[in-house]
Amino acid sequence: MIPFIDLAAQQARIKDHIDAAIAGVLSHGQYIMGPEVADLEAALSDYCGAKHAITCGNGTDALVLVLMAYDIGPGDAVFAPSFTFVSTVEAVKLRGATPVFVDVQSDTFNLCPTSLSEAIDFVKSEGKLKPRAIIPVDLFGQTADYRLINAIAQTESLHVIADGAQSFGATLDGKKVGCLADVTTTSFFPAKPLGCYGDGGALFTDDDALAKRLRSYRNHGQGTDRYDNIRVGLNSRLDTIQAAVLIEKLKAFPQEVELRRSVAKRYIEALPNSWQPQSLVSGASSVWAQFTIFGDGRDYARSALSEKGVPTAVYYPRPNHLQAPYLDSPTAPNGLPVTEYLQDRVFSLPMHPYLEDSDQDRVLSALNDLHEGA
Ligand SMILES: *Cc1c(COP(=O)(O)O)cnc(C)c1O
């Protein structure tokens, strides 16, 4: 079986550096908020260009923290896609606010600006909830269209919280994820493009006051010193060991992003016509957290591929608006027809920086064989 993602291949390449980095933490013993945490934050902010990088426990907490810092809670509406990992809307519910589900575009799979505007108008006309924020998701590693979304947000005075859990390293008009919205969250879950060896996450913003609140919220609402607590916060710090691992992984990351892009390019060039890849919005580059295609006959295709030793995965077979805890959350007035279309047709192919050409050719020929004599 070809691996769907291959974390071992990456580890083998940088193992000596990772071992030394972990040994360094064991020798100084500052497991919580050790010096590697600040070093990583500086390196992340250098890499993406955001003024502030604030690490935290995981990508879900990153979303919760920013909702806390914006004081978003009961009675507030937060607009988000349903076609995403559950955390995007789980964070909203955890705060007692109401997610309002917005449809996505059929080609980019990302938030549809038309559906967004309609959802905002609907919430305003009902008058029950106060529109507060939009959480666009950069699905599978490609940025949402922040040019259009930020313009809508500005007209409506809404915060834009970019869920960049899958897209750290991607760009739009030459600007990196971290600098495309008021605030951006990411995740260092092991399988994300930049992953650690456990849970981890971060927030990015240019807003000094927001950054200060986020640093306090991630550490029990700390004020001027450890026993001064000025707000109710979380225990959501990134472990020093994970920061040390990430410092080493970040060094290899720019090259890995390039490798992912060449894998994606080869897929796009050789895909049979019956399967469409996720398309990129103009001016965008993806980090290809997943390489996702859509077409008819998915379940047959997946089992035929699996018989040939080609693993595939479906993200996401059941969008959030159809999951029990979210059934009572409003949707855009025209519903989510594209989301419901994609849920039955998308699947993802093996994707990682070290995918060999020969393995990739096996994936492609298995896909092309599906249509021989059909
Ligand atoms: C992975 C993911 C998250 C959550 O990240 P964790 O670090 O696992 O909490 C949030 N949003 C999206 C879109 C994700 O893919």
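The table for this structure:
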item	result
Residue, surrounded by the fewest Cβ atoms within 10 Å (Cβ to Cβ), within segment 197-226, restricted to residues that are within 14 Å of the ligand (Cβ to nearest atom) and in a loop (DSSP other than H, G, I, E, B)	198
Selection from segment 38-56 of residues that are buried (at least 21 other Cβ atoms within 10 Å of the Cβ) and either small (Gly, Ala, Ser) or within 16 Å of the ligand (Cβ to nearest atom) (or both)	40, 44, 50, 53, 54, 55, 56
Of all residues making up segment 160-180, the number that are crowded, with 24+ Cβ neighbours inside 10 Å, of a type outside the set (Phe, Trp, Tyr) and either in a loop (DSSP other than H, G, I, E, B) or more than 10 Å from the ligand (Cβ to nearest atom) (or both)	11
Filter result for residue 84 (under 22 Å from residue 147 (Cβ atoms) and out of contact with any helix residue (DSSP H, G or I) (no Cβ under 7 Å at 6 or more places or on another chain))	no
Residues of segment 125-145 satisfying the condition of being touching a Lys or Arg at 6+ places or on another chain (Cβ under 9 Å) and part of a helix (DSSP H, G or I)	141
Qualifying residue in segment 260-282 (condition: over 24 Å from residue 350 (Cβ atoms), surrounded by 14 or more Cβ atoms within 10 Å (Cβ to Cβ) and in contact (Cβ under 8 Å) with a residue 24 or more places away in the chain)	yes
Criterion: touching a residue at least 24 places away in the same chain (Cβ under 8 Å) and either charged (D, E, K, R) or within 16 Å of the ligand (Cβ to nearest atom) (or both) - qualifying residue of 342, 349, 367, 305	342
Complete set of residues in segment 181-196 that are touching a Lys or Arg at 6+ places or on another chain (Cβ under 9 Å) and either in a loop (DSSP other than H, G, I, E, B) or more than 28 Å from residue 152 (Cβ to Cβ) (or both)	188, 193, 194, 195, 196
Some residue of segment 323-345 being surrounded by 15 or more Cβ atoms within 10 Å (Cβ to Cβ) and farther than 30 Å from residue 124 by Cα	yes
Members of segment 57-110 that are open to solvent by 20 Å² or more (accessible area, probe 1.4 Å), acidic (Asp, Glu) and more than 9 Å from the ligand (Cβ to nearest atom)	71, 107
Residue count, segment 135-159 (criterion: within 15 Å of the ligand (Cβ to nearest atom) and touching a Pro at 6+ places or on another chain (Cβ under 9 Å))	7
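Yes/no per residue for (1) open to solvent by 70 Å² or more (accessible area, probe 1.4 Å); (2) touching a residue at least 12 places away in the same chain (Cβ under 8 Å):
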site: 314; (1), (2): no, yes
site: 317; (1), (2): yes, yes
site: 353; (1), (2): no, yes
site: 356; (1), (2): yes, no
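Conditions (1) under 27 Å from residue 364 (Cβ atoms); (2) out of contact with any Phe, Trp or Tyr (no Cβ under 9 Å at 6 or more places or on another chain); (3) open to solvent by 70 Å² or more (accessible area, probe 1.4 Å), marked per residue:
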position: 10; (1), (2), (3): yes, no, no
position: 15; (1), (2), (3): no, yes, yes
position: 21; (1), (2), (3): no, yes, no
position: 28; (1), (2), (3): no, yes, no
position: 32; (1), (2), (3): no, yes, yes
position: 36; (1), (2), (3): no, yes, no
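The values are calculated or read from the model by the stated rules, or taken from the named source; none is laboratory data. Note that this is a predicted model, so its numbers are computed, not measured. Glycine gets a Cβ as well: all are built from the backbone with ideal geometry, and neighbour counts include every protein chain shown. These area figures cover heavy atoms from the full protein model, side chains too; ligands, DNA and RNA do not enter into them. Shrake-Rupley method; radii C 1.70, N 1.55, O 1.52, S 1.80 Å.
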